[in-house]
Amino acid sequence: MIKKHIIGTVFLLLTSIVTAQEFKVGKLKKEHFVIPLNAEQKAAPAVFLNKYRRTHFEYRDELDGWVLFTTVHEVILINSISGFQYATKKIRLFKHGREEENIKKLDAYTYNLANGKVEKTKTGKESIIKNNINQNIDEISIAMPAVKQGSIVEYQYVIESTYLEIDDVIFQESIPVKNAFAKIEVPQFFDYNKFVKGYMDIETKEYVESRNENFSVEQKNPFGGRTSRTLTNNIQYKEVVSEYSLKNISPLKEEPFVNNMANYQVSIIYELAAVEFRVGRKEKRAKTWEEVANYLNNDARVKGQIDRTNFLKEVSTALKEKSVERLERINLAYNFIQNRMTWDKNVNKYRMQDLGKAYNDQSGTAYEINILLVALLKRMGLEAAPVMVSTKKHGVPIFPTVDGFDYAIAAVYTNEEWLLLDASGKNLYPGLLPERVMNWEGRLLKDDGKSIAIPLFSKEYSDNTSMMIVTIDNKGKLSGKCRQNFSNNEGLYMRDIFRGISIEKQEDILKEMILQDNVYDITFDIQELSKPVTISFGFETTDFTEVIDDKIYLSPHLFLTKSENPFKASDRKLPIDFRYPRAVESAITYKIPEGYIIESMPEPLDIKLSAGLGSYKIAFKQVNTQSIQVSTSFRSNSTLVKADAYNEIKNFYAQIVAKEKEKVVLKKSES
C-alpha cells in the first residue's frame, strides 16, 4: 500500500512538471483547452493558464557592459466577451540617452478549437503598434487576432535593457492565475534587496550556480567609440538563482478606500543595493536609510543639482530685499516658484532633471519645481531641504530604498518644525500637500548628509460644512438657500474642480454634483488660497418630499444624504485609507407649511468608533410649531486604519445610511 502511494505521488509530481513544460511557444494543443479550472477561474472573464518569467544578465562588451534580459511567456484563456481586453498586451519600454530598453523575439498567437482541431492564428506585424508616450517612454501594443469566447491567446517576448534594475516580479493580476513561475539569475557582481508584497506565501528555491562565459573586449578609439579590433577573455563567476512558483492565485479585487491596490499585489520587489565595478570593491546604493541619503545627497545627484542654481541669484536677492521676516520670505519664495512654473504632470526621478532648462522653460516635473523652491529658499537665507517622496500611485517605501521615490517636495524650518511645501499645483499653499503625496513617510535630506523621516499624513482636519434654510409649501416643494465651506484638502478638491473655468461650466458642475437642475444665485469664493472655499446658491426641488393624502414625508438630509454604505464586502484584508482627517457638519432649518404640524421625527443617534477612529451624531429639534432643525456631525479622525476594524466600520456606516433614510412626517392639522 505504501509502495502504491509513493508511486502515485511520483506520478502526480511528474504530471505537474510535464504540464508546466508543455506550454511551448506556438505549440499549444487540444489538451490545453480542457485544463481543469476551479470555480473562481471558470467564472472569471479570463484566466492566466500560465505566467512565466526569466530574468538573467549577459556581459556584452566594455562599452555596453552588462545587459539585462527578461523573457516573458504568458498564456490566457478567454472565458467570455468581457475578457476580450486581455487579448491585447501593452508593454512599456524606457529610454534615456544611451540607456534604453528594446523588445526582441516577439511572438503572439491566438488558438481556437474548430471541429475538434486547434486552429492557430499568428499575430501579424500590422497588429503590433509602437506608440511614443513621452521622451522617455515608448509603448508596444499587441492586439491578438481572431479572438472569441473560448480562445486561448499566447505571447512571448524578450526585453533587452542596459539598465540594471530588475522589474517587479508580479504574480497576481486582475484575473485569476492558474500557474506562475519566475526565475531570476543574478551574477555575483550585483547585490539586490528583495521584498515580498501581498497576502500569499510564495514557494521559493534559491541556489548558486557557476557560469563560464566569454567576454568580448572591443578596443576603443580616442573618442570612446568602437574599433574593429576585438579581444576575447574568459571568466568564471557565480550567480544566485531564485525560483518562485505559485498556483491558483485569486485576482486582485478593487476595494473602496485603498490608496493604491498595487501596494498589496502579490509580487517580489528587487532593488539594486550594490554593484562591483572593480574586483573586490562594490559601490553601495541602499541598505539603510542613511545609505539612501548618502547616495542621493551628493554632488552628482540632488545636492549637486541644488548647488548648481546660480541662475537664481538675482531673483533671490530681489525677494530678500522685500522682507526680513521668515514667514514672509517663505511665502515670497513659494509664490514666485508657484506662479512662474507650470507642472507638466510628470513626477520622474532625480537622475534625469535639468533645473536650468526647467526654469527657463517655466515648466517642469514636480521634482524640478520643488527642488528649485528648495534652492531659492536656501539662497534667501532660510534653512530648507528636499524631502524625497513616493506618491500613492508609485507605492509605499516601507524599506530603505532609492528607486522607491518618484517625487520630491520642499521643507523649510520655521517655528521649531519643518513646514512642508509643494509648489507644483496652482491651488496649493505652504503647509498644504496634495493627496497624491500623503503616503506614509518621506525622507528629508539634511545638509550634513543625514536623513530624517517626515510624516506625510495630514494632521489637520479638512472641514466640509453646510448651512441651509429651507421652506416647505403645502405641495411638498422645497425652496432653500445653501452655504457651504470647504477647508484644507476639501477646499483643494473643490478648487481643482471649479477654479479657472467659466461661470457657466461652474454652475453645470455644481448642478451635477448635487443632482439638482433648479439651482440659482450661485456664487463661488475660491480665489484666496489660504481661506476656505465658499459656495452659496439657492434651489427649488420636490425630489426629497412625497405627499400622500394629508401627509408630507420629508427626507431631511436632501442632497447631503449618505445614500449607500461604501463597505459592502463580507470581509477585508487591506487597510482602509480615509485620505486625511475630515469633519463634515450640517445644519438645516425647515419652515413647515401653514396648516401642518409635525407628526414624527427620527430619534437622535450618537455613535463612536473604538480607539477614537471616528464619530457621528445627528439630532432633530423642533424649534417651534413651524420650524425644525436637523444637525449632523461626522468626524473621521484617522488616515489609515487596519483591516481588523473593518466590521466595526462597516456597521458604523450602515447605521449612518439607515438613519439618514428615515423621514420627517408632517401632517395637515385638523383645525
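The values are calculated or read from the model by the stated rules, or taken from the named source; none is laboratory data. Given the structure is predicted, the values throughout are model-derived calculations rather than measurements. Backbone-built Cβ (ideal geometry, glycine too); neighbour counts: all protein chains shown. For the accessible areas, the whole protein counts, side chains as well, though only heavy atoms, and no ligand, DNA or RNA atoms are used. Shrake-Rupley method; radii C 1.70, N 1.55, O 1.52, S 1.80 Å.
The HN-Hα couplings worked out from phi for segment 251-264 by the Karplus form 6.51 cos²θ - 1.76 cosθ + 1.60 (θ = phi - 60°) are x, 7, 9, 4, 10, x, 6, 10, 5, 7, 4, 5, 5, 10 Hz, whole numbers, x standing for Gly and Pro. With protein chains left intact and a 1.4 Å probe, residues in segment 36-141 average 52 Å² of accessible area per residue. Overall, the accessible surface of segment 519-633 at a probe of 1.4 angstrom is composed of carbon and sulfur to the extent of 48 percent.
Accessible area per residue for segment 579-654 is 48 Å², calculated with a 1.4 Å probe on protein heavy atoms, without ligands, DNA or RNA.
Out of the trypsin sites (Lys or Arg not before Pro) in segment 458-523, which ones are loop residues according to DSSP with at most 16 other C-beta atoms within 10 Å? Mind dumping the intermediate values first?
Details: sites: Lys459, Lys475, Lys477, Lys481, Arg483, Arg495, Arg499, Lys505, Lys511; in loops: Lys459, Lys475, Lys477, Arg499.
Sparse-neighbourhood loop trypsin sites (Lys or Arg not before Pro): Lys459, Lys475, Lys477, Arg499.
Once you've got the Cα coordinates, tell me which of Lys183/Lys284; Lys197/Lys393; Lys29/Lys178 are over 20 Å apart. Over 20 Å apart, Cα to Cα: Lys183/Lys284.
Count the net charge of all other residues whose Cβ sits under 13 Å from the Cβ of Gly431, scoring Lys and Arg as +1 and Asp and Glu as -1.
Net charge in that neighbourhood comes out at -2.
Neighbours of Trp440, meaning other residues whose beta-carbon lies under 15 angstrom from its beta-carbon, give a summed charge of +4 when Lys and Arg score +1 and Asp and Glu score -1. Label-to-label distance for Tyr237 and Ser669 is 9.4 nm, based on points extended 7 Å past Cα in the beta-carbon direction. Using the Cα gyration tensor of segment 397-445, with a ≥ b ≥ c the square roots of its eigenvalues, what is the shape: rounded (a/c below 1.5), prolate (a/b larger than b/c) or oblate (neither)? Oblate, because a/c is 1.5 or more while a/b does not exceed b/c.
Please identify the trypsin sites (Lys or Arg not before Pro) of segment 75-179 that satisfy two criteria: DSSP loop assignment and at most 12 other Cβ atoms within 10 Å. Which are they?
Details: sites: Lys89, Lys90, Arg92, Lys95, Arg98, Lys104, Lys105, Lys117, Lys120, Lys122, Lys125, Lys130, Lys148, Lys178; in loops: Arg98, Lys148.
For trypsin sites (Lys or Arg not before Pro) across segment 75-179 that sit outside H, G, I, E and B with at most 12 neighbouring Cβ atoms in 10 Å, the list reads Arg98, Lys148.
List the GluC sites (Glu not before Pro) in segment 371-467 that DSSP assigns to loop (not H, G, I, E or B) and whose Cβ has at most 13 other Cβ atoms within 10 Å. Which are they? Can you show the working numbers first?
Details: sites: Glu383, Glu416, Glu417, Glu435, Glu441, Glu460; in loops: Glu383, Glu416, Glu460.
For GluC sites (Glu not before Pro) across segment 371-467 that sit outside H, G, I, E and B with at most 13 neighbouring Cβ atoms in 10 Å, the list reads Glu416, Glu460.
Straight-line cross-link partners of Lys650 among the lysines, defined as a Cα under 19 Å from its Cα and at least 8 positions apart when in the same chain: Lys253, Lys562, Lys568, Lys573, Lys608, Lys617, Lys642, Lys659, Lys661. Note on Lys95: lysines with a C-alpha under 18 Å away, same-chain residues under 8 apart excluded, are Lys104, Lys130, Lys349. Dividing the helix sum by the residues of the chain, where each DSSP H run of 4 or more adds -39500 (n - 2.57), gives a mean residue ellipticity at 222 nm of -5500 deg cm²/dmol. Between the amide H of Tyr596 and those of Ser669, distances stay under 5 Å, these residues lying 5 or more places away or on another chain, with hydrogens modeled in the peptide plane. Give the shape of segment 68-114 as rounded, prolate or oblate, defined through the alpha-carbon gyration tensor: a ≥ b ≥ c are the square roots of its eigenvalues, a/c under 1.5 means rounded, and otherwise the shape is prolate if a/b is larger than b/c and oblate if not. It is prolate, given that a/c is not under 1.5 and a/b is the larger ratio.
The amide H of Ile469, built 1.01 Å from its N in the peptide plane, has Lys481, Thr589 as neighbours under 5 Å, considering only residues 5 or more places off or on other chains.
Taking label positions 7 Å along the Cα-Cβ direction at both Ala583 and Lys551, the computed distance is 3.8 nm, reported to one decimal. Cβ-Cβ distance of Ile509 and Ser210, R₀ of 56 Å, FRET efficiency by 1/(1 + (r/R0)^6): the value works out to about 0.25.
The alpha-carbon of Lys322 sits under 18 angstrom from the alpha-carbons of these aspartates and glutamates, leaving out residues fewer than 8 places away in its chain: Glu314. Shape of the chain from the C-alpha gyration tensor: oblate (a/c of 1.5 or more and a/b not above b/c, with a ≥ b ≥ c the square roots of its eigenvalues).
If R0 is taken as 22 Å, the Cβ-Cβ distance between Asp201 and Arg54 corresponds to a FRET efficiency of 0.50. Each part gets one Cα centre, and for segment 390-416 versus segment 81-124 those centres are 36 Å apart. Across segment 125-130, rounded Karplus estimates of 3J(HN,Hα) from the backbone phi angles (6.51 cos²θ - 1.76 cosθ + 1.60, θ = phi - 60°) give 4, 5, 9, 10, 10, 9 Hz, Gly and Pro being marked x. Taking the centroid of alpha carbons for each part, segment 599-643 and segment 315-348 are 43 Å apart.
Leaving out ligands and nucleic acids, note down the accessible area per residue over segment 449-501 with a 1.4 angstrom probe, in whole Å².
Per residue, segment 449-501 has an accessible area of 48 Å².
Within the chain, the whole DSSP H helices whose Cα atoms reach 27 Å or more along their own axis and whose mean Kyte-Doolittle score is at least -1.0 are 2-21. Rounded to the nearest whole Hz, the Karplus-based 3J(HN,Hα) values (6.51 cos²θ - 1.76 cosθ + 1.60, θ = phi - 60°) of segment 564-571 follow the sequence 8, 7, x, 9, 10, 5, 6, 8, with x at glycine and proline. Ranked by the mean number of other Cβ atoms within 10 Å of their residues, highest first, the peptides 252-259, 386-393 come out as 386-393, 252-259.
Label separation (Ala39 vs Lys247): 2.0 nm, computed from points 7 Å beyond Cα along the C-beta direction.
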